[in-house]
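Enquirer: Dumping the structure here so I can ask a few things about it.
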Amino acid sequence: MGDYDIRNDLRYSAEDEWVRSETKGVTIGISDYAQQQLGDVVFVELPEVGRLLEKGEPLGVIESVKTVADLYAPVSGEVLEVNPALAETPEAVNDDCYGEGWMLVLSVADPSEVEGLLDRAGYLQHIKDREDQGT
Amino acid sequence: MTGLQRTPLHEAHIALGARMVPFAGFDMPVQYDSIKEEHAAVRQTAGLFDVSHMGQIHFAGPEAVATVERLLTCHVASLRVGRVRYGLLCNEEGGVVDDVTVYRTGEDSLFLCVNAANVEKDYRWCVRHASEAAGVRNRSAETALLALQGPDSATILAKLGAVALDEMRRFRFADAELAGGKVVLSRTGYTGSDGFEIYAPAGAAMGLWQALTDAGARPCGLGARDTLRLEAALPLYGHELDDSTSPIEARLDRFVKFEAGGFIGAEAVRRCAKAGPKRLLAGFEMVGRGIARAGYPIAKEGETVGAVTSGGPSPTLGKSIGLGYVPPALAEPGQGFDIVVRGKPVAARVIETPFVH
């Protein structure tokens with residue numbers, strides 16, 4: 001398995017988003033595994049503030065030099081904030097995926113959805129399973 | 001990943017941790033580290049590509065030159081020994097079977113370097129249109145091909161013992177000694193930068209790769225190869241060209257011999273040129289925010305008028321560029337249209353190609 005920075009203080013979706021619980025809701029980005037898989041990120045399209053998202057719904061698009069990938073809502077909620085800097089500096093997703101490369105903040109409609117996400121061990125296993133399948 | 005062919009350099013790619021993808025039936029490196037950085041290496045220093053998946057079809061015998069003359073849209077008999085030309089194999093309907101380079105290796109011998117995806121198709125096509133006296137042989141499997149591209153390429157080759165590189169101008173080739181082995185060195189490439197393509201026996205590929213990377217060439221994958229050729233507006237078979245696309249539509253007129261000699265498909269190609277093509281390849285830049293990708297519709301005032309054949313970010317220019325087929329009236333620099341990106345029209349403008357000189 002490759003060398004990925006998967007952190008203990010975050011939860012993860014099977015679609016490779018990370019979720020950090022904060023007082024106002026959850027901050028969301030993509031994992032180190034995802035940014036490594038994508039390669040150089042050149043474009044990020046994020047939803048409008050105020051949009052209501054269902055868990056699993058496509059919320060935006062992330063493009064690397066060669067790839068177009070959908071982003072999915074890891075939990076249900078309302079978009080409170082999007083990272084305005086990514087329009088000009090999408091490479092922040094590669095350079096600092098858990099910091100400057102954050103994507104959006106969602107209010108949380110159902111806290112149990114956050115609890116139901118993968119922890120570090122579960123997410124690492126999920127990565128390993130996919131790598132073993134060669135996908 | 002069963003059933004995929006491997007080039008003689010496969011082990012080197014794995015050892016370097018390359019991301020491997022299936023391409024034209026081969027397990028190929030798409031990137032080693034960063035497409036952007038690999039791209040920059042070719043524009044600024046030197047990059048090294050494994051393009052051993054490409055095919056080589058050789059012709060040798062009294063009918064070799066006449067046969068290839070009939071197969072290719074470009075002039076062949078006038079090609080001097082030691083020179084290379086770009087040309088097209090056309091079908092009877094004037095569509096493109098493949099785009100190739102032809103190498104004149106001797107008075108009665110030549111070879112074609114062909115796209116990996118088309119090796120079998122091209123070989124069958126050549127055999128079908130050649131007599132015994134043209135001596136057609138598919139030597140793809142025994143031949144490794146490395147592309148050393150970028151402004152430092154000649155310096156790197158000189159370090160490995162190559163001589164007289166100054167005399168080897170673009171589109172010329174010669175037998176050479178490199179890192180202690182015999183190769184064919186060709187001043188050609190598919191990146192829009194100066195560089196060389198190195199033909200070697202498959203068994204010599206690993207040693208050459210090692211020597212060239214030790215001498216400073218950065219390994220580059222198919223990802224960078226694609227962004228580089230797009231900046232140079234070089235067509236990619238399966239995108240800008242296919243069996244039903246005319247060289248005229250693809251604006252490759254200068255590689256077609258209109259005046260003399262016949263080639264397969266000549267009548268259909270001339271008819272297309274005379275009547276005027278219904279669509280033309282245009283190079284464009286994005287004006288609005290968005291990235292054009294192959295297959296996206298091109299629209300004018302809400303109506304679909306064409307499609308993107310290749311598109312993506314240009315690392316050199318820092319903007320998004322693309323190629324696509326549109327009605328001739330929309331194909332000239334200054335014209336505008338929309339690229340439909342995930343259902344939304346995003347403005348684009350036709351500009352001069354190549355995008356990067």
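Throughout, read-outs are computed from the coordinates displayed, never taken from laboratory work. Keep in mind it's a predicted model, so treat the numbers as computed, not measured. Every residue, glycine among them, receives a Cβ derived from its backbone with ideal geometry; neighbour counts consider all protein chains shown.
Enquirer: So which GluC sites (Glu not before Pro) in the range A:1-31 pass both tests, a DSSP loop state and at most 10 other Cβ atoms within 10 Å of the Cβ? It would help to have the intermediate numbers written out before the result.
Expert: Details: sites: A:Glu15, A:Glu17, A:Glu22; in loops: A:Glu15, A:Glu22.
Sites meeting the loop and neighbour criteria: A:Glu22.
Enquirer: Once phi is turned into θ = phi - 60°, what whole-Hz ³J(HN,Hα) does the Karplus curve with 6.51, -1.76 and 1.60 give for every residue of the range B:72-79, x standing for Gly and Pro?
Expert: Karplus values, whole Hz, x for Gly and Pro: 10, 6, 8, 5, 10, 4, 7, 6.
Enquirer: Please list 3J(HN,Hα) in residue order for the range A:58-63, calculated via the Karplus relation 6.51 cos²θ - 1.76 cosθ + 1.60 where θ = phi - 60°; whole Hz, with x for glycine and proline.
Expert: x, 10, x, 9, 10, 10
Enquirer: Another one. Expressed in whole Å with the largest first, what are the equivalent ellipsoid semi-axes of the range B:289-337 derived from the C-alpha gyration tensor as the square root of 5 times each eigenvalue?
Expert: On the way: eigenvalues 73, 29, 18 Å².
Over the Cα atoms of the range B:289-337, the ellipsoid semi-axes are 19, 12, 10 Å.
Enquirer: May I ask you to derive the relative contact order of chain B, considering only C-alpha pairs under 8 Å and at least 6 residues apart, and to give it as an integer percent?
Expert: On the way: 830 pairs, mean separation 63.9, N = 357.
Dividing the mean separation by the residue count of chain B yields 18 percent.
Enquirer: OK, next. Mind jotting down the distance between the C-alpha centroids of the range B:218-260 and the range A:35-101, whole Å?
Expert: 34 Å
Enquirer: Please give the calculated 222 nm ellipticity per residue for chain A, where each DSSP H segment of at least 4 residues contributes -39500 (n - 2.57) and the sum is spread over every residue; nearest 500 deg cm²/dmol?
Expert: Result for chain A, helices only: -6000 deg cm²/dmol.
Enquirer: Next question. Between the range B:104-182 and the range B:278-357, what is the C-alpha centre distance in whole Å?
Expert: With the range B:104-182 and the range B:278-357 each reduced to a Cα centre, they are spaced 34 Å.
Enquirer: Can you tell me the FRET efficiency between A:Glu81 and B:Ala158 if r is taken as the Cβ-Cβ distance and R0 is 45 Å, rounded to the nearest 0.05? Don't jump to the answer; show the numbers that get you there.
Expert: On the way: r = 56 Å, r/R0 = 1.25.
So the FRET efficiency works out to roughly 0.20.
Enquirer: Which net charge results when you count Lys and Arg as +1 and Asp and Glu as -1 among the other residues whose beta-carbon is under 13 Å from that of B:Ala60? List each step's numbers first, then the result.
Expert: Details: positive: B:Arg104, B:Arg137, B:Arg139; negative: B:Glu63, B:Glu107, B:Asp108, B:Glu132.
Overall, the nearby charge balance is -1.
Enquirer: When chain B is modelled as a GNM with alpha-carbon springs shorter than 10 Å, which of B:Ser310, B:Ser34, B:Ser320 fluctuates the most?
Expert: B:Ser34
Enquirer: If each residue's Cβ is checked for other Cβ atoms within 10 Å, how do B:Trp209, A:Trp102 rank with the fewest at the top? Show your work: numbers first, answer last.
Expert: Working: B:Trp209 25, A:Trp102 22.
Placing the least packed residue first, the sequence is A:Trp102, B:Trp209.
Enquirer: Label-point separation (nm) for A:Asn8 and A:Glu115, each offset 7 Å from Cα along Cα-to-Cβ?
Expert: In this crude label model, A:Asn8 to A:Glu115 measures out at 2.2 nm.
Enquirer: Based on the Cβ-Cβ distance from B:Lys274 to B:Arg342, what FRET efficiency comes out when R0 is 35 Å, to the nearest 0.05?
Expert: On the way: r = 40 Å, r/R0 = 1.14.
Once rounded, the FRET efficiency stands at 0.30.
Enquirer: Further question on the same structure: Using the eigenvalues of the Cα gyration tensor, what equivalent ellipsoid semi-axes result for chain B when each is taken as the square root of five times the eigenvalue, whole Å, largest first? Working shown, then result.
Expert: On the way: eigenvalues 202, 150, 62 Å².
Sorted largest first and rounded, they come to 32, 27, 18 Å.
Enquirer: Nearest 5 is fine: what % of DSSP beta bridges in chain B come out antiparallel, could you say?
Expert: Details: 76 of 81 bridges.
Expressed as a percentage, antiparallel bridges in chain B total about 95.
Enquirer: Can I ask one more? For the protein assembly as shown, what are Rg and Dmax over the alpha carbons, in angstrom?
Expert: Rg and Dmax of the protein assembly as shown, Cα atoms, are 25.0, 83 Å.
Enquirer: Largest first and in whole Å, what are the equivalent-ellipsoid semi-axes of the range A:11-133 based on the Cα gyration tensor, each being the root of 5 times an eigenvalue? Numbers along the way, then the final one.
Expert: Values: eigenvalues 82, 73, 28 Å².
Equivalent ellipsoid of the range A:11-133: 20, 19, 12 Å, largest first.
Enquirer: Search the structure for amide H atoms under 5 Å from the amide H of A:Phe43, placed 1.01 Å from N in the peptide plane, and list their residues when 5 or more places away or on another chain.
Expert: A:Glu63
Enquirer: Out of residues 5 or more away from B:Arg279 or on other chains, whose amide H comes under 5 Å of its own, with H placed 1.01 Å from N in the peptide plane?
Expert: So B:Arg279 has HN proximity to no qualifying residue.
Enquirer: Just the C-alpha atoms of the range B:208-315: what Rg/Rh do they give, with Rh taken as the Kirkwood radius?
Expert: Details: Rg = 18.1 Å, Rh = 16.7 Å.
In the range B:208-315, Rg relative to Rh is 1.08.
Enquirer: In what sequence do B:Asp194, A:Asp110 fall when counting other Cβ within 10 Å, fewest first? Intermediate values should be presented prior to the final figure.
Expert: Details: B:Asp194 17, A:Asp110 12.
Placing the least packed residue first, the sequence is A:Asp110, B:Asp194.
Enquirer: Give, as ranges by residue number, the residues of the range A:42-58 whose backbone N falls under 14 Å from the point 7 Å along Cα→Cβ of A:Ser107.
Expert: What the label zone holds, given the 14 Å backbone N cut-off, is A:49-54.
Enquirer: Let me ask something else. Once phi is turned into ³J(HN,Hα) by the Karplus curve 6.51 cos²θ - 1.76 cosθ + 1.60 with θ = phi - 60°, what whole-Hz value does each residue of the range B:283-293 show in order, with x for glycine and proline?
Expert: So the J values, rounded to whole Hz, are x, 9, 10, 7, 9, x, 7, x, 10, 6, 10.
Enquirer: Let me ask something else about it. Quick one: which of B:Lys278/B:Lys344; A:Lys66/B:Lys344; A:Lys55/B:Lys319; B:Lys121/B:Lys257; A:Lys66/B:Lys121; A:Lys66/B:Lys274 span more than 31 angstrom between C-alpha atoms?
Expert: Values: B:Lys278/B:Lys344 26 Å; A:Lys66/B:Lys344 20 Å; A:Lys55/B:Lys319 34 Å; B:Lys121/B:Lys257 23 Å; A:Lys66/B:Lys121 28 Å; A:Lys66/B:Lys274 38 Å.
Check vs 31 Å cut-off fails for A:Lys55/B:Lys319; A:Lys66/B:Lys274.
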